[in-house]
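The values are calculated or read from the model by the stated rules, or taken from the named source; none is laboratory data. Predicted model only: the values in this text are computed from it and were never measured. Note that we place each Cβ from the backbone using ideal geometry, even for glycine, and neighbour counts take in every protein chain shown. Just so you know, the surface numbers come from the protein's heavy atoms only, side chains and all, with ligands and any DNA or RNA stripped out. Shrake-Rupley method; radii C 1.70, N 1.55, O 1.52, S 1.80 Å.
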Amino acid sequence: MKIENKQLRDFLLDTDIIKKESLEKLFAEAEKTSKPLGDLLLEKKVVDENELRKLFSYILGIPFVDLSKDIIDADVLQIIPEPIAKKYNIVAFEKKGNELKVAMINPEDIQTIDFIRKKTGLKIVPCLSTLESIKSVIRQYEKSLKAEFGDIIDKNAERMTTESQDGDEAENGKEDLEKMAQGLPVIRVVDTLLKHAILQSASDIHIEPDEKEVIVRYRIDGILHDAMILPKQVLPGIVARIKVLSNLKLDEHRLPQDGRFKIVKEDYKISFRVSILPVFDGEKIVMRLLDETSKGLTLEKMGLQGRPLEIVHREITKPNGMILVTGPTGSGKTTTLYTIMDIINVPGVNISTVEDPVEYRMPRVNQTQVNPKIGLTFAACLRALLRQDPDIIMVGEIRDEETMEIALHAAMTGHLVLSTLHTNSAAGALPRLLDMGAEHFLVASTVNVVVAQRLVRKLCNECKVEYKIDKKGVKALEESFNTKEVLEYLKVCEQTKGLVKKDDEWDDIRLYKAKGCDQCNNEGYHGRVGIYEVLDIDPDIEKLITQSASTEAIEEKAKENGMSTMIEDGLSKVAQGLTTIEEVLRVTRE
């Protein structure tokens, strides 16, 4: 797309987007370096891509469209086949009679426009758009799971049934299973299942055999959703295909099996952790999806704010001691530990981990996978690891007394130890260690901080609805938590300053609820954020540990010393418009 530098400069002089002096400077630089002025404006972040494209569309007299939030009708979208859309960054978005509107990066690409005109027999109306906008539409090609599956199953049902029956006649012999796993319909079904799970940002895939059908469910933002119901005859093929991918025994149907495999594409690298379990109607498969390309996660992005964030940052820079993260399965504990390791992973330190399993690969970190079958337990790994001169040790989970003792002694003898524990609250972690047989003085002197966490779904910004709670609603809340205490916290909390005023009551606070739109698949939520309880082990808490104080007594003292509880942190995020009261209560109810 050719717009002369002088033409763009003259146009910009008539607008107030950029000051004249700055524009002349950039114009001189563009002329000197033979660079397009538009590229230079983007590089220097003087304008964003949307603004620049709108300017180009005005100069060229071509309409500008932003389709990043639009859902295109599938029939219109399919007019331009997916490979062509991807190759030329061109998508169809509206059809009226014989006229087809297309969005593209370079509307002066006459060759591509002519090619699509000949292919479709329609009059093409080119519109200018951004690369991000076009990519968001290209992703919609792969959204219709039901339609795609329906097509695969209808076309191949008879063939799959035949293959499945052949497998039964041969008593599911290994050769028949291999043949079935390599069959085209089965490969397409499994590939489609995996592709759609990735597209929908699912964290788990559940393939569950029933008496007459196979239910496929995706866990998205912590909640399981039905994705598809498949005929029962496809089950042996799907199980066999996943076993082949995971390098598991094809002819083993009576014992559980665990494996993993990886999908590497241009846009992503996903590792799948596979668990196969015999159930009454066949074999149930659960696959955990781990995105190996997700970088740049920080404690702030995860949801830690204010004083708790400061405490964690302070404690992770200490040379020794123990940092514990607690919470139930699926509450993001491992992600928190990896994020902490990413922060402290500098060339001057030696970091080693003992995990079961190794979930994410980290550069410059020595990661060991435990294998109890050959005696490589957490305790055995830890013992060997301490002879390797590590500065920082991450223990995936403290499960037994021996592992706990070695970890505590390592923390006391000059190592920083990161680990997880299954308790409901931060204060509950300390009596739990004592119950496991730890010495009181050892726990008091080595544990630096305990972080308890849960994950709540984030409200979709496109459709969240503002509301105020009524007196009846406040009364209902009183049954779940101490509303007066939480209200006082919200009035002094740094993050809710200005949102909750000094004289406000619960019915004065502006809250939000989920509605549902195309952007969030009518869920009302998109993505997740953590809610936290950070227990700083100060001298008062140390004293209580040595006295074998109860969880309640430790929690009470910590609150006196300024600790915000998980429910308080959750409701501060409700007041900030990040989530809903229902979500916070869902994950904090014990």
### Task
Determine ³J(HN,Hα), in whole Hz, for all residues of segment 284-292 in sequence, where each value follows from phi through the Karplus function 6.51 cos²θ - 1.76 cosθ + 1.60 and θ = phi - 60°; x replaces Gly and Pro.
8, 10, 10, 10, 8, 9, 10, 7, 7
### Message
Please compute the modelled spin-label separation between Val286 and Val346, points set 7 Å along Cα→Cβ, answer in nm with one decimal.
### Response
4.0
### segment 222-273: C-alpha gyration tensor shape, a/c 1.5 cut-off, then a/b vs b/c
oblate
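How charged is the neighbourhood of Gly348? Take every other residue with its Cβ under 14 Å from the Cβ of Gly348, and add Lys/Arg as +1 and Asp/Glu as -1. Let's see the in-between values first.
On the way: positive: Arg364; negative: Asp389, Asp391.
Charge balance near Gly348 sits at -1.
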### Whether segment 56-124 is rounded, prolate or oblate, judged on the alpha carbon gyration tensor where a/c under 1.5 counts as rounded
rounded
#### Entry: Interchain or long-range residues, amide H under 5 Å from Val214's placed H
Leu230, Lys232
## Note on the structure
Beyond 32 Å (Cα-Cα) in this structure, taken from Lys269/Lys468; Lys123/Lys265; Lys212/Lys243; Lys101/Lys269; Lys471/Lys573, we find Lys269/Lys468; Lys123/Lys265; Lys101/Lys269
### Query
Counting alpha carbon pairs within less than 8 Å and at least 6 residues apart, what relative contact order, in whole percent, applies to the chain?
9
### Task
Could you please report the charge total around Phe93, scoring K, R as +1 and D, E as -1 over all other residues with beta-carbon less than 10 angstrom from its beta-carbon?
-1
### the chain, helix-only ellipticity at 222 nm - DSSP H runs n ≥ 4, -39,500 (n - 2.57), divided by all residues, nearest 500
-12500 deg cm²/dmol
### Query
Do you know the relative contact order of segment 219-330, to the nearest whole percent, from alpha carbon pairs under 8 angstrom that are 6+ apart?
14
### Task
Kindly write out, for segment 486-503 in residue order, the coupling ³J(HN,Hα) from the Karplus curve 6.51 cos²θ - 1.76 cosθ + 1.60 (θ = phi - 60°), rounded to whole Hz, with x marking Gly and Pro.
5, 4, 4, 5, 4, 6, 9, 5, 4, 6, 9, 4, x, 8, 10, 8, 4, 9
## Note on the structure
Compactness check, segment 198-338: C-alpha Rg relative to the 2.2 N^0.38 Å globular estimate gives 1.31
### Task
Whenever you get a sec, line up Arg241, Arg273 from highest to lowest accessible area (probe 1.4 Å, protein heavy atoms).
Arg273, Arg241
### Task
Starting from the Cα gyration tensor of segment 188-238, take the square roots of the eigenvalues, sort them a ≥ b ≥ c, and report rounded, prolate or oblate (rounded when a/c is under 1.5, otherwise prolate if a/b is larger than b/c, else oblate).
oblate
### Task
Excluding Lys232 itself, calculate the net charge of residues whose Cβ lies under 11 Å from the Cβ of Lys232, where each Lys or Arg counts +1 and each Asp or Glu counts -1.
-3
## Note on the structure
If amide H atoms are modeled at 1.01 Å from N in the peptide plane, then the residues at a separation of 5 or more from Glu94, or on another chain, having amide H under 5 Å from its own are Lys101
### Query
Using θ = phi - 60° and the Karplus curve 6.51 cos²θ - 1.76 cosθ + 1.60, what whole-Hz ³J(HN,Hα) does each residue of segment 425-430 get, with Gly and Pro shown as x?
9, 5, 5, x, 5, 6
### Query
Out of (1) 28.7, 84; (2) 29.3, 111; (3) 29.8, 93, which label holds the value of Rg and Dmax of the Cα atoms in Å that was computed here?
(1)
### Summary
The set of cysteines in the chain having no other cysteine's C-beta under 4.7 Å reads Cys127, Cys381, Cys493
